[in-house]
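Written below as structure tokens is the structure these notes are about.
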Amino acid sequence: MLSVQTSVFTLLLLVIGTGLTCKGEDKVIQPGGEVIAAEGDSLTLNCTFETSTVPYLFWYKQEVNSYPKYMLKRDTYGTIENAPEFNKDRFDAELKDKSVPLQISSAAVSDSAVYYCALRPTTSVFTLLLLVIGTG
């Protein structure tokens, strides 16, 4: 009998806050919970917001011992801007009403990081910690 050994990688998203408010009605909101997926799967990191002005939403990724790296920007004018290292094929977001969920396809161990959802013109930010755990 032939035995096939496979490695299973699990993505675990830990939410480490509930949102920060910095100005009047403007705030970024993140529901609690966990997201678990196998390596290669697609997942969504949710981010909702409230603002009294035209929203400009940003996602950042911060790896261990590094600074936050700009990933992408979305706004109500239809701006679709991704940093070169965050190809739209793997990292995408669509501004819908009061949310801008980050979609990650083909999840990889290298996606382990702290993810920030930010709203401009205020400095409202929400932090998400994404851990990719390998087993097997």
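Any read-out appearing in this document is the output of simple, stated calculations on the displayed coordinates, not a laboratory observation. Predicted model only: the values in this text are computed from it and were never measured. We place every Cβ from the backbone using ideal geometry, glycine too, and count neighbours over all the protein chains shown.
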**Prompt:** Taking R0 as 25 Å, what's the FRET efficiency between S66 and S106 from their Cβ-Cβ distance, rounded to 0.05?
**Reply:** 0.70
**Request:** Find out how many positive minus negative residues lie around S42, taking Lys and Arg as positive, Asp and Glu as negative, among other residues whose Cβ is under 15 Å from that of S42.
**Result:** -4
**Message:** Need the full-extension length gain, A38 to D75, defined as separation in residues times 0.36 nm minus the C-alpha distance. One decimal, nm.
**Reply:** 10.2 nm
